[in-house]
Every structure is written in C-alpha cells, then in structure tokens.
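One structure is given below, encoded as structure tokens.
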Amino acid sequence: MLAFMIRRFLQSILVMLVVALISFLLFRFVGDPVDQMVGIETSIDQRDALRQQLGLNDPVLVQFFHFIAGALRFDFGISYQFKQPVAAMIAERFPATLELSLLSVVIAIVAGIPMGVYAGLKRDSWLSRMFMTVSLVGISLPPFLVGILFIFVFSVQLQWLPSFGRGETVLIGFWPTGFLTQSGLKALILPSITLALFQLTLIMRLVRSEMLEVLRTDYIKFARARGLSRRAVNFGHALKNTLVPVMTITGLQLGSVIAFAIITETVFSWPGMGLLFLQAVQNVDIPIMAAYLMLIGFLFVLINLIVDLLYVAVDPRIRIDARQAN
Amino acid sequence: MSKASSIPVKAEQGAIARFLASDIVYSFSRSKLTMLAAAITLFYFLMALFAPLIAPHDPFDLASLNLLDSLTPPMWEEGGVAQFPLGTDDQGRDLLSAIMYGSRISLAVGFASVAFAAILGISLGLLSGYVGGTLDSVIMRIADIQMTFPSILIALLIDGTVSGLLPQASREDTAFGVLTLSIGLSFWVQYARTVRSSVLIEKEREYVQAARLIGLRPLTIMVRHVLPNVLGPVLVIATINLALAIITEATLSFLGVGFPLTEPSLGALINIGNNFLFSGEWWITIFPGVTLAVLVLSVNLLGDWLRDALNPKLR
Amino acid sequence: MKKRVLRPVLLAAALATGLSSASAETFKFAFQGTLKSLDPYSLNETFTLGFLGNVYEGLTRRDGDLNIQPALAESWEAVEPTRWRFKLRQGVKFHNGNDFNADDVIFSADRVRSEGSDLIKRIGADVKFEKVDDYTVDVILSSPNPILHYEWDTWPIVDKEWAEANNSVKVTSASDEAATKISLEANGTGPFKIVSHNVGVSTVLEPNADWWDSAKHNLTRVEFTTIASPATRVAALLSGELDLVYPVPVQDIKRVNDNAATSALTGPELRTIFLGFDQMRDELIYSNIKGKNPFKDIRVRQAFYKAIDIEAIKSKVMRNLATPSAIMISPFLYSRAGDFTRMAYDLDGAKALLAEAGYADGFEVSMDCPNDRYVNDEAICQAVAAMLAKVGITINLNAQPKAKYFAKVLASGGFDTSFFMLGWTPGSLDSWNILDNLEACRDEAGVGGAFNLGGYCNPKVDALKDLILVENDPAKRDELIKQAFEITTSEVSHIPLHQQGLAWGISSNVELVQRADNQFMMYHVNKK
C-alpha cells in the first residue's frame, strides 16, 4: 500500500516535470516577448538590453533550471506585460475561476443527475427522449456563441442580468467571493450556465447509462425479489451504485472545466485565470502562460492522485493489483 | 430509441456483417429520429464533397469578390438579391457558397482529427495492453499528462509553436495541420484506454493461450481478435468525437487559432458573424450557426443511437 | 427575426429584478485593453499614457482640441535658442501631500531617461536640466529644437521624495525581482487619485479635492474595467451597465445610436493607416518572382495604389468612419495637407502599369497584417487582397495578432515582410516624426528610419528632414515639410489609406470631450 502510494506520488512528480518541460519548450516559440513589453518607438539597442536582462539569451537548459527552481518556490517571475509578480496575479484571479467552475459543476450535477436518473428509469418515455435530444442541442453550438446569445437576450434585450465581470465581491480573509452580494450572484448566472451546459449533458448521459446497467444486475433483481419497494431499489440501491463512477468522472472533469473557462471568461469578461491566460497568449507573456499551465497540471495531477488513492482505499482488488505490479 | 432490452453485442466471432445484419439494422429502422439524423448527415457529406460543383460561387476566389456586394441581406429580406440567396458577409462573399465550402472544411478537419486520434489511440492501446509493464505505465502516464491539457490549450500551444517554427508559412497552409494535430492529440486517450482494457481481458483468454501454443505470433492474435471486438466502442467514440471535433474547431476560431478568414470554416464564419450580431446583419452568424448546430446534432444523435444499439455497457 | 428565434429561451423571468443603477456621480467605463502598469514611464502606449494622464501631470497638457496649455509649468520661454526657462506652478501638492517643486522636475527628467524607461525619447539624451530656484528650471539644448516640449504632456512628473522613500527610483521593469510601489500605487498631482487597482482587471479613482485647477466634472468616483470582447463591450453599454465604452466597432455605431439611452461619439483620429512594400532587398522574401524585386519598380507601386478602391473600403469596411488620406499624416496635424490629393482608383491604369513593368500576368506576394490592432485591420487587408486580385496580383494574406505581427515585421524580427499594413500616430503630433520614423533611409539593422519597414530611401528626403528639425519659422518649416512629402508621395514610398475614426459609445446622461489622440480625460466628464 505504502509502496503504491510512493510510486504513484513519484509518478505524479514526473508528470509535473514533463508538463513543466513541455510548457517551457513551447513558449520559446510563441513569439518575441520583448516587442510586447515596450512601446513601438523603443530602439533596437534598448530591446537587446532588455532581452539580455530577462535572461532570454541564456542557454535553454539554464533557463529551464531557473524556471523549475522558481516554480518550486511558487515564484514564476514577473509578468512581462504587467510587471507584477505572476504568482500574486494568479492568486488574485484564482478565486474568480474556481467559483465559476465549482458553481457550473454544481449546476451540472444538480440538474444532470435527476435528468439522468429519470432517463435511465423510464428510458422510453417522451420526457426521457426529450432530455436526451435537448441536452444534445446544448453541446451542438460552440460555447462562445451560446455565451454571446445569452448576453444578447438577457443583458441587452431584457436587461435582467449583467453582461460582464463579477459584480461586487466581498473579501473573506484573502478570498474575494461573489457569492455574498446580489450583484455578485447575478453576475455568476450567465457564465456558469454557459460553462455548465457541456458537463450537464455529460453527467446526464453518464448517469443514464450507469442506471441502465445497474438496473440489469443480479444485485438489483435480488433486491426486487426481496420485495423492497421500487423507490428503495431505485434510489437506495441503483442510484447509490451509479454515483461512484459519476463522482469520479466529475472530479476528473474539474480540470477541464477550469480550462474551458477560458472561453466563458473571455466572452463574459470574467476576471479569472482563463482570461489572464488568453491575454498572456496574445501578448506573449511567457511567465503567466507557464504559471497557468503548471497550475492546471498541478490541479489535475492532484485530483488524479486523490482519486487513485481513494480507489485503493475502497476497492481491495486494486490493492492486489498494486502489489502484483510491484 | 432501440429495442427495449437490446442484447449486448458480445460477438466473439466479431464479423462486421454479423452485427450489421441483426440488432443494428432493426433498431435503426425503428427510430425515426435516427433515420432523420442519418439522412441529414449524409446530406452534409454530399454537400461537402460536391461543394465546388454545386456552390453558386467560389468563395475562396478573391478576384470574384466585390466589396460593394458586402453585407447584402438574404434574398427574401429587403435589399436582398437572388444572386446571393442567403446574403453576403462583410467581404461580399456569397454566404450560401461560403457555408458549403465551410462545411467541407469543418468536416474535413473533423474526419482527419478523428482518424488521427483513432489510429494513434488504437496503436498505443494495443501496445500498452499487450506489452504491459513499464511501457504500459509510460503510455498511461502520458495519457494522464494528455488529459491535463484540454484540446483548446493544446491547440493554442501547437499553433504558437508552429507559427514560431515556420514563420514563413501562412495560416492558409498550416491551419489544417495545426487543427488536426491539436484536436486529434486531445482525443487519442479514450481509444487507447478502451483498446487497452479490451486487450487485457483478451490476453487471459484460453484461445490466446492456445494460439500461442500452436505457435501463432501473439501480436497477430491480438490484432485479429481484439480489433473486431473493439470496433463497436471505437465507432461510437469516433462518432461522438467527430461532433466534438467540429465544435472544437469552431471554438478555436473564436480564440484566433482557426482557419484564416480568406478560407473560412463554419466556425470562422460564425466568428466573423459575431461582430455583426448587434448591428443587424444577423444572417452572417445565424445561418452558419444553424448549419453547424444541425450537423453536430445529427452526428451526436447518430452516436447516441450507435452507443445504445451496440452496447449499453460502453464507457 | 432574432427575437422570434430566441423567445422560447426566456425562462428565467423569476430573476428579473432589474440591474442596480449606479449612483449619479459614479462614472463607469470600459476600454478594450488593460492598464498595463501604474508606473508612468514603463509603457509608451496611448491608453496607458492617457489613463495615467488623469492622475499624473506633465509640465504641459493638451486641451480638448490638443492645443498645448500650461500645466505644472505656468509659463516658459526660450531665453536663448538653446536655453529654455520654465516657471513652475506654486502651491501644487502631490496626492500624498508633498509639495511639487523644481527637484521633482529634475528627478523626473533623469528618471524618464534612465534604463528601462519606455519614454526615453521624450527628452534628448544631450538635454540638460538646471535648477534656478525652487520654482524655476532651465533646459539647455545642444542645438535649437522648436518642438522640444511637444510630447511633454505625456511626460508625467513624479514626486522625488516619495519615489526615493518607496524604492521606486528605478523604472519598473519585467526583470525586477519584486513589484515596486510605483507600479501598484500612483502619487501624482492630477485631478484624480487611484483608490484601488486590480492588475489587468479594474481600477477605481476618486477626485483629488486639492487639485490646483478648478474641476470641470461632477464625479465622485470613476470605475474602469477592461472588456476585451467587442460584443460584450457594446452589450454592457446597451444594457446600461456602463457610461462609456471604447472603441465601439464601426458596424455597431448605428445600433448604439438607435438605442434611446446611448449614443456614439465619433470623430477623426490622428492615426494614419497605410500599406508598405519591401523596396530594399534585391529579391522579395515572400514572392514567386525570383532574382528581382518588383517593388523597386515605381510603376508596380503605382499600380498597387491605383488598384485600391479606397471609397469602397471607407463605405463598406469602415462604414464611413474613416477619412481617406493622400499623405502619411492627419490633415489636423499639418496645415498644408490640403495641397495633396490621392491618386485615383483606376483598374485599367493599374493593369497597364503592371504590363509596362513586365508583370502583365501579375505575381504572387504575401501580405502581413495585424488582426487586433487597428479598426477592422484584417477586414481591410482582405479587401485589399480581393482588389489586387482583380489586377492579377495574388496576395497570400498572413493576418496575425499584434504580438506576433510586430515581432515579425519590426526591426527585431529583421523586417521580415514583403508587403504589409501598419498604422502610425506621430507622438509629437508633428510631421518631422513621420519623416524620421517612416521615410528616412535605414540600414539592415534598422538604424535610421527604424519603422521604415520597407526600407524606402531617398537622400533628398533625409536632407529635408534635417533642415525641418532646426527650422524655427513655422511657414518655412511647413514649406520644407511639403517638399519632403511631395517626394515621398510621388515615389509612392507607402500607400496611405486613411485616418481611422474614433468611436466611443456613451450613455445619454453623460457629457464628455473626445480628444483626437484617443486619450480620455476625466476632468471634463459630467453626469446628469
């Protein structure tokens, strides 16, 4: 068990190193950051001096070593555009992205699970078919178009909901939250629904197929044979069994929700990490891009690791596999 | 959607003809929605294939564009002309032709990236499951890393790299490759995992052991026996991926990594049209948008039906 | 049509409680770009300079019509041709309460020319500053320069004591180890103080009650947000969430005007958009013509010029919010601009010229174009490509985000282009800047006319440029400028297209002044 954990942990570190190397190497090709850091009239000599100062003329390995050494201290350097420490900027934007992502996952779960359960239990009813078909419509439009149509309808035509930003935030400790003000909550509605559409469809379909499968098992047939009520069988036994894989997949999707927030944040001018990252790509702000990728990589590895360890704790078969693997 | 309790297809003999002959055709003929989706998808394929023959104009021929024709509304609206049935975009491009050519590009990227992902994923899955050990670990770790980078991140990075490495190449030359590569790269993991788990099961079967005894090369056995078994799941994944790839391509246009505006895909057309949504030239975004949505929806419905018809256990 | 399609979506009626309206004196506005740094010397970019111009002040300032006015300097005179005397305003205080005096000016003159400053060209390296007394400063030049102070409205004065006390003497740079105070907080003398600054997202200002000049605004608070997406920006204005957004896409001007609560404020901008050709290399990098450079032939350049239907671009792409230009500078900045006219649009003439030059069947060339820098830049390039296609020229359009575009075409990228689009606003609002940057001969490294990307070169223009710099008599100076422009225009050094227009969207209960340099000054904003 311990050996498995250590092994898995070392693998995670290796994964992070590879993520670091890939991000670092790719950034050498995205364009010349110096041109973005200075105005158009800055002379060539000044530009060269800056390039030298930034260490952009150092050998690649030296630069990578600096990068890793910094990353270990959570120091990703100074943003080329804003001339602020990147770690602080990411930390400032992180709450906005996390609140948006979490809320959309919650929306996806709260709406997706009941719809999926229903579609699984009554797979041939017209409502189930409608759920199945309508949920496809939501993912058949590119998310940016959905966002812009939302803005057009709910902000411009009806003027119900704000079209951009987070509204007012309240500081809880170091964490600015939008959940505690009216304007903050209103601002969350459109972006989080836009972002949730995809996950909602995914979760609904997953729940449905899991339900269909579980309902066919002997375990459920036996429960029915014991004379348990339909309700107890469906919700006590079937749904419970369905939720484990659903929660796992949802957990693993959190990383990609955060990444897909790039689009939602751009459309709604949501001041999160995704917007920061896209601006950084356009402005060749390498430290921000690197820090963002490392953070996404870290989140994902972390979630993966937790899921793996939970599995080991829950499922004895995997424990045996792990021993064998060793 | 399909027969109430469709029998899981566990065709060990795995002939395509077999499962085409039985359940599939039956359930297909039962579902009107599926038939409609299939008809629409077929229509799109034909339209894309024959776009150069049936489109009234060649939207990629710059010399034929006249700026003074730009922003013409659809023919039934005031100011519309029969020459441009669905109106024109901001450069004077005939929207109907642009949509036909755009569908062609979107579908081409979709197919190419799905094919790329499937080939890569199936090969790595076979290798991983069959060889096992360190190679298996390495491939599965790579799959983990891959999952860390969703398609849009990969595309942004690859696009940046390509334009850095090939500064001379214009977007028209690189867009197809960049998009196929980025979208394909983000999809292979699913195929690899499906194939790998199937291989792990098959590997322990008696007939494989037996085949080994009689001296057949195990790899040959795997390819011959595993591939037909995973064909169903792979087909489902591929169909759903095709829909996803088309949407992803459109999304990437929004992020500035798509096709150039001189050769717009459906996504690029929608993205151009976004700029004109408030100003009243709704047709530039709505027509390509509806075209894309109908295409993706049809493909998704087909995928849905395939999933249920082939095997409800698919995950 | 749209409404009919969208109506079924409107389910969320329960949420309709209306948007909270801003209090009467809070002014909210959005711009497409971000405020990159609060250090006033770290970026020479219109928006950053303009924004910080509300917080910091220079010795001079420009009014709504861009006339130079006294600001922190009450008056100035050239006591000798090479010695200027500036009398400083007394009783001015920085936001932290410190007094403004000659030491601050001398400190700022050093700081603005120090390493890392992006405003290094505001004052020549050879110019010396001398403190005469606490409120008098002498500026000593090595040669006469009538336009010495033309860009000093965007040379903000920094408080010496504050900068020294807060480790902010050095200009903020991306190679710093940690953030400096001056990059996060501002201490100027201007009409507004920065209350909070959320890097890259939003900035809040409040009026400076102790400002030396009388306030012409009635604001109590200003909130600035970055909204990069044009559609979202316009939506935020239409929905009443914001009082000012800019720029408004030209196609949305009508919509903004049709909306009862908003209107579009349009006006000419000073930036000139133009096309340029590589005339320096013996063979174009991106062309199918090998062994020679077609752009060295003036007939080819003329043919390109004649093939472009500028009126179609103006009406269709720019929706009339552009002024076609015959020269490389805005008519607002050069009194004799009216003496020049554009070469007429003439497809047959263009074809004839190409045939004469030996390219009857045309040729192929790549065009570099930014797609997020100027108003509808990519659309203009596409239109140009389509127009040139009609005379047989095949354009391979390479439209890129400005980061990549500039990295390729500027000196740092080795002027890696054959045919390009660029825009230029002379920072000093004067023609010499154009001649010096865009028309002067350069070598391969870019020494000389550093932004003369195509490498056009005529020694006569260079000689005129040197005369113009030291000429003190305005009429003679304008005549010399005219001679220079006549040469560059007749030789088609570039193809000037137009001055793009400014388009701001404002809420109807707001009155403000739009300056042609696109700087937004909050001290003449009034909310009803």
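Pairs with C-alpha atoms separated by more than 31 Å, drawn from the list C:Lys181/C:Lys528; C:Lys160/C:Lys528; C:Lys216/C:Lys476; C:Lys290/C:Lys408; A:Lys83/C:Lys87, are C:Lys181/C:Lys528; C:Lys160/C:Lys528; C:Lys216/C:Lys476; A:Lys83/C:Lys87. Put a dot 7 Å past the Cα of C:Glu491, heading toward its Cβ, do the same for A:Lys240, and the two dots end up 8.8 nm apart. Short to long, the 5 Å bins of the Cα pair-distance histogram for the range C:222-313 hold 2, 10, 15, 13, 10, 8, 8, 9, 10, 8, 5, 1, 0 percent of all pairs. Taking the longest Cα principal axis of chain B as reference, the axis of helix B:95-131 is set at about 20 degrees. From the Cα gyration tensor of chain A, with a ≥ b ≥ c the square roots of its eigenvalues, which class applies: rounded if a/c is under 1.5, or else prolate if a/b is larger than b/c, or else oblate? Because a/c hits 1.5 or more and a/b fails to exceed b/c, chain A counts as oblate.
Near C:Gly190: Cβ cut-off under 10 Å, other residues only, Lys/Arg at +1 and Asp/Glu at -1. The net charge is 0.
Please work out whether the range C:264-303 counts as rounded, prolate or oblate from its C-alpha gyration tensor, where a ≥ b ≥ c are the square roots of the eigenvalues and a/c under 1.5 means rounded, while otherwise a/b larger than b/c means prolate and anything else oblate? Since a/c reaches 1.5 and a/b is larger than b/c, the shape of the range C:264-303 is classed as prolate. A simple spin-label model places pseudo-atoms 7 Å from Cα toward Cβ; at A:Asp45 and C:Asp339 they are separated by 3.6 nm.
Of all DSSP-defined beta bridges confined to the protein assembly as shown, some 80% are antiparallel rather than parallel.
Taking a cut-off of 28 Å between Cα atoms, list the lysines near C:Lys482, but don't count ones fewer than 8 places away on the same chain. Hits, sequence-local ones excluded: C:Lys121, C:Lys296, C:Lys306, C:Lys314, C:Lys460, C:Lys465. Short-range pairs are left out: with C-alpha atoms under 8 Å and at least six residues apart, the relative contact order of chain B is 24 percent. Per the Debye formula on identical point scatterers at the alpha carbon atoms of the protein assembly as shown, with no solvent, log10 I(q)/I(0) at q = 0.07, 0.09 Å⁻¹ is -0.72, -1.16.
A prolate overall shape is assigned to the range A:7-161, the ratio a/c of its alpha-carbon gyration tensor axes (a ≥ b ≥ c) being 1.5 or greater and a/b exceeding b/c. Only helices enter the 222 nm calculation for chain B: every DSSP H run of n ≥ 4 contributes -39,500 (n - 2.57), and dividing by all residues gives -23000 deg cm²/dmol, rounded to 500. Kirkwood radius and radius of gyration were both taken over the C-alpha atoms of the range B:79-149, and their ratio Rg/Rh is 1.40. Assuming R0 = 30 Å, what is the FRET efficiency of B:Glu204 and A:Leu2, from their Cβ-Cβ distance, to the nearest 0.05? After rounding, the FRET efficiency stands at 0.55. Note on the range C:289-386: Kirkwood radius taken over Cα pairs, Stokes-Einstein applied at 4 °C and 1.567 mPa s, translational D equal to 85 µm² s⁻¹. Over chain C, the ratio between the Cα radius of gyration and 2.2 N^0.38 Å evaluates to 1.04. With equal scatterers on the alpha carbons only and no solvent term, can you work out the Debye log10 of I(q)/I(0) for the range A:217-268 at 0.18, 0.19, 0.20 1/Å? Values, matching the q order: -0.65, -0.68, -0.71. Coordinate range of the alpha-carbon atoms in the range C:121-232 per principal axis, descending: 51, 41, 35 Å.
Packing-based ranking of A:194-202, B:30-38 yields A:194-202, B:30-38, ordered from highest to lowest mean Cβ neighbour count within 10 Å. Number of Lys-Lys pairs in chain B with C-alpha atoms under 17 Å apart and a separation of 8 or more places or on different chains: 4.
What the phi angles of the range A:300-309 give under the Karplus curve with 6.51, -1.76 and 1.60, with θ = phi - 60°, is a coupling list of 5, 4, 4, 4, 4, 5, 4, 4, 4, 5 Hz, glycine and proline written as x.
When the Gaussian network model of chain B links Cα atoms closer than 10 Å, the mean-square fluctuations of B:Ser197, B:Ser186, B:Ser64 top out at B:Ser64. Taking K and R as +1 and D and E as -1, what net charge do the other residues with C-beta under 11 Å from the C-beta of B:Gly125 add up to? Here the charged neighbours net out to +1. Fewest-first ordering of A:Ile44, C:Ile495 by other beta carbons within 10 Å of each residue's beta carbon gives A:Ile44, C:Ile495.
With R₀ set to 22 Å, the beta-carbon distance separating C:Lys476 from C:Val447 gives a calculated FRET efficiency near 0.15.
Note on chain A: helix-only mean residue ellipticity at 222 nm, from DSSP H runs of 4+ residues weighted -39500 (n - 2.57) and normalised by residue number, equals -24000 deg cm²/dmol.
Please give the length that would be gained between C:Ile140 and C:Leu347 if that part of the chain were fully extended, namely 0.36 nm times their separation in residues minus their C-alpha to C-alpha distance (nm, one decimal).
Full extension of this stretch gives 69.0 nm more.
Coordinate-derived values only; no laboratory data. Every value quoted in this text rests on a predicted model; they were computed, and no experiment measured them. For neighbour counting, all protein chains shown are included, and Cβ atoms are generated from backbone atoms with ideal geometry for every residue, glycine included.
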